[in-house]
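Comments concern the structure below.
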Amino acid sequence: MVLLCPFFTAKIKLNCIRIVYFIMITEKQIIAALSTVQEPDLKKDLITLNMIEEIKIEGLHISFKVLLTTPACPLKEKIELDCKEAIHRLVSPDLVISIEMEARVLSARLDKLVLPGVKNIIAVISGKGGVGKSTMAANLALALHQLGASVGLLDADIYGPSVPLMFGVHEAPDMKQVDGKNIMLPVERHGIKLMSIGFMIRPEQAVVWRGPMVSSALRQFVNETDWGNLDYLIMDMPPGTGDIHLTMGQIIPVSGVVLVTTPQDVAVADAIKGAAMFDLLPNRIPLIGVIENMSWFTPAELPNHKYLIFGEGGGQKIADMFKTKLLGKVPLVASVREGGDKGMPAVLDDENPSKSIFIGVAQQVAQQMAIHSASAQNSQAI
Ligand SMILES: Nc1ncnc2c1ncn2[C@@H]1O[C@H](COP(=O)(O)OP(=O)(O)OP(=O)(O)O)[C@@H](O)[C@H]1O
Ligand SMILES: [Mg+2]
């Protein structure tokens, strides 16, 4: 509905006669139009979700901000188009609309005693070893950063840390004193914050520790490390269901778990045990999805060929079993292994054909995390 008034002009050609309309648009009209636009995942309108800010009206020019639930939102373009379409349809087709997309990452955390500045803590787990947790965790953390989020990566694999090699970091973290206590500062690489036991030991040195020592190291990485403010802290977990997982369940308020598996039956069987463990922990942690790694092999010289070396369907099978999402399928590609080995994970290389796959997986992870946070916030409100 358009109000006619003498302040602003819209020129419309009608039968070659130029008629000048005087239009005044009100904020109320814009809000009414935007309240018909749904956030596709959260299934509520943008006004109810408080996602619209700073509406400005200058003549025929309308501008406002849309606050997304994550900068990695895969539906950014759709939301922007839906807003424009609703305003053009319900207010006036002559309006020029500028939309700024910003993100206010959702968090469902209530407790702020541990890691108070961290909005979401995501643990990357598997049952079986060697399925690609560290590769996924590193590329996921970097992809989320590239999409605009502030990210940390905690290498929780105390016995077999991979982060030093995957990021080419072999230096001890800096320390600072807070209230007479030594606090570690994460090492920064490629825009993300990193912490690993591997920064403190020689590369050839083995960590031969009993469970309590390992748990105490993990506690230090959480309680005595200055992670600051982060949208996502990704935890690269060791394989299996051991001490580190139990410590994690007790001391770290993990927001969600991402399960990595290969498609083959033996990995799937172990992955099911890994996922089931999180149901047994005192604070049940939601499984936000499954990443299937090594889904097929594509040789560099035959980019259109797919060899199903480890079979197929395993990731989807687990996702169906736990009523969660398959977040993506990542092929076995030599350059992914090479990138990890030389401290430059694949997602940092614009030429790497796997980059877009990792970006897609990161968008799915962020989207599912936001959906879980929104539903947790709703149930807290109730
Ligand atoms: N998609 C992939 N393409 C090529 N190589 C891969 C891929 N994913 C993982 N790899 C390689 O497979 C090996 C195992 O991967 P990774 O270390 O990430 O597994 P993990 O599950 O973390 O192992 P662990 O259980 O020992 O911690 C590494 O050499 C890694 O570079
Ligand atoms: Mg690993």
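The values are calculated or read from the model by the stated rules, or taken from the named source; none is laboratory data. Everything numeric here is computed off the predicted structure, so don't read it as measured data. When we count neighbours, we look across all protein chains shown, and the Cβ atoms used for this are built from the backbone with ideal geometry, even at glycine. To get the accessible areas, we keep the full protein, side chains included, count just its heavy atoms, and leave off ligands, DNA and RNA. Shrake-Rupley method; radii C 1.70, N 1.55, O 1.52, S 1.80 Å.
Of note:
- Helical mean residue ellipticity (222 nm; -39500 (n - 2.57) per DSSP H run of 4+; nearest 500) of the chain: -10000 deg cm²/dmol
- With the highest mean first, a sort of the peptides 336-343, 75-82 on other beta-carbon atoms found within 10 angstrom per residue produces 336-343, 75-82.
- Amide proton proximity set for residue 296, modelled H, under 5 Å, gap of 5+: 332
- Highest mean first, the peptides 195-208, 243-256, 308-321 sorted by other C-beta atoms within 10 Å per residue fall in the order 243-256, 308-321, 195-208.
- Shape category assigned to the stretch 244-382 from the gyration tensor of Cα positions, a/c cut at 1.5: prolate
- Rounded if a/c under 1.5, otherwise prolate or oblate - the stretch 209-278, Cα gyration tensor axes: oblate
- Among 29, 264, 364: highest mean-square fluctuation, GNM of the chain, C-alpha pairs under 10 Å: 29
- Share of alpha-carbon pairs per 5 Å distance bin for the stretch 304-367, given as whole %: 4, 15, 20, 21, 21, 13, 5, 0
- Within the chain, the whole DSSP H helices whose Cα atoms reach 20 Å or more along their own axis and whose mean Kyte-Doolittle score is at least -1.0 are 76-90, 265-280, 355-381.
- The fraction of accessible area contributed by carbon and sulfur in the stretch 200-308 is 54 percent, rounded to a whole number (1.4 Å probe; ligands and nucleic acids excluded).
- Each of 189, 210 has its accessible area taken with a 1.4 Å probe; listed largest first, they run 210, 189.
- Stokes-Einstein D (µm²/s) once Rh is taken as the Kirkwood radius of the chain over alpha-carbon pairs, at 25 °C in 0.890 mPa s: 107 µm²/s
- In terms of its C-alpha gyration tensor, the stretch 159-212 comes out oblate, because a/c is 1.5 or above while a/b does not outweigh b/c.
- Rolling a 1.4 Å probe over the protein heavy atoms leaves residue 209 with an accessible area of roughly 80 Å².
- Under 5 Å between amide hydrogens, built in the peptide plane, is the criterion, and for residue 158 it picks out nothing among residues at least 5 positions away or on other chains.
- Length gained when the stretch residue 61-residue 28 is fully extended (0.36 nm per residue, less Cα-Cα span): 10.4 nm
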